[in-house]
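Trainee: Sharing a structure here in structure tokens format.
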Amino acid sequence: MIPHKELWLDAPEHPILTTGEVHIWRVYLNQGRSMVRRCLNLLSADERERATKYYFQRDHDHFAVARGGLRMILSRYINLPPEQICFSHNPYGKPALRQGLGDDSLRFNLAHSGTVALCALTRARAIGIDVEQMIEDRSGLELAERFFSPVEVSMLRGVAPALRTIAFFDCWTRKEAYIKARGEGLSHPLNRFTVSVTPGRPASLLSTDDDPLEASRWTLIDLFPGHEYRAALAVEGALAVLHCWQG
């Protein structure tokens, strides 16, 4: 069962992820120094190197907590210490568990914005997730005209001004979740497919320019990680069960 607005429950120590389910984990990124150090110690050398490239200490710490949190979450599913988890990456940079870690069917995706990270997990099918902190000057028709499809821009113009920021970020997160699920990143043009935009209407992939059957292969779901945030999940195929855990 998929609730309209999910409940974020305390996570079980050993969650069981069955075929057809999706688990979403929410992680708060503002942590004390001891937790930041713990997360840094879990990271691989290349992840620690990536962390050093952030100019602001806050961004460095948020990256460490997000990546360390991902490792701690994955370790609950594959019975492997988080620091021993290894990743592979497709040509566009999407991570996956390296083959041979004991659970080749597990699929996951990570997103973070502001002070929140979300991790989505399922089995044997593509999955993508996106979360965005709503900031007024990062939304608007001018930006939509650069990145959204003509149909989405038209729908956004029809939204009442008071709801337009929410509609913009709903559209943005749905589109990002979809291209992350496909594993192509921004190499897949955002204006070549259309998602639903109107506030209060269910999230859905309406059409794609390259394949008339593509939209029917995906499920999009809105997530509600906090009142300043919009988020969306994209998963290949149908979704019957969604569990949301607080990490």
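Just so it is clear, none of the values below were taken in a lab; they were calculated from the coordinates. What you see is a predicted model; the values in this text were computed from it and never measured. All Cβ positions, even for glycine, are placed from backbone atoms using ideal geometry, and neighbour counts span all protein chains on display.
Trainee: With each run of n ≥ 4 DSSP H residues scored as -39500 (n - 2.57), what mean residue ellipticity at 222 nm is computed for the chain after dividing by its residue count and rounding to the nearest 500 deg cm²/dmol? Numbers along the way, then the final one.
Mentor: On the way: 6 runs with 74 residues, N = 247.
Calculated at 222 nm, the ellipticity per residue is -9500 deg cm²/dmol.
Trainee: Stretched out fully, how many nm does the piece from HIS227 to GLU142 gain, at 0.36 nm a residue minus the Cα gap?
Mentor: Working: separation 85, 0.36 × 85 = 30.60 nm, distance 2.47 nm.
Full extension of this stretch gives 28.1 nm more.
Trainee: On to the next question. For SER75 and GLU184, what does the FRET efficiency come to when R0 = 22 Å and r is the distance between their Cβ atoms, rounded to the nearest 0.05? Walk me through the numbers before you get to the answer.
Mentor: Numbers: r = 28 Å, r/R0 = 1.28.
That pair, SER75 with GLU184, gives E of 0.20.
Trainee: Let me ask something additional. Within 10 Å, count the other beta carbons around each residue, average over each peptide in 150-161, 44-55, and list them highest first. Mind dumping the intermediate values first?
Mentor: On the way: 150-161: 14.8, 44-55: 12.2.
Per-residue mean Cβ counts within 10 Å order the peptides as 150-161, 44-55.
Trainee: How long is the gain from SER154 to LEU213 if the chain were fully straight, where each residue apart is worth 0.36 nm and the alpha carbon distance is subtracted? Don't skip to the end; give the middle numbers.
Mentor: Details: separation 59, 0.36 × 59 = 21.24 nm, distance 2.30 nm.
Full extension of this stretch gives 18.9 nm more.
Trainee: Can I ask one more? With only alpha-carbon atoms counted, please give the Rg and Dmax of the stretch 9-129, in Å.
Mentor: When restricted to Cα atoms, the stretch 9-129 yields Rg and Dmax of 14.0, 41 Å.
Trainee: On to the next question. Please tell me the relative contact order of the stretch 97-247 in percent, rounded to the nearest whole number, where contacts are Cα pairs under 8 Å and at least six residues apart.
Mentor: Details: 281 pairs, mean separation 35.4, N = 151.
The value is 23 percent.
Trainee: Just checking my list [x] 0.96; [y] 1.07; [z] 1.00 against Rg/Rh (Cα atoms, Kirkwood Rh) computed from this structure; which label fits?
Mentor: Derived directly from the coordinates: [x].
Trainee: Round to the nearest 0.05 the FRET efficiency obtained for ASP104 and ASN30 when R0 = 30 Å and r is the Cβ-Cβ distance. Present the calculation step by step, with values, prior to reporting the outcome.
Mentor: Values: r = 35 Å, r/R0 = 1.15.
So, using R0 = 30 Å, E works out to roughly 0.30.
Trainee: Taking 30 Å as R0, compute the FRET efficiency from the Cβ-Cβ separation of GLN246 and ARG201 and round it to 0.05.
Mentor: The value I calculate is 0.60.
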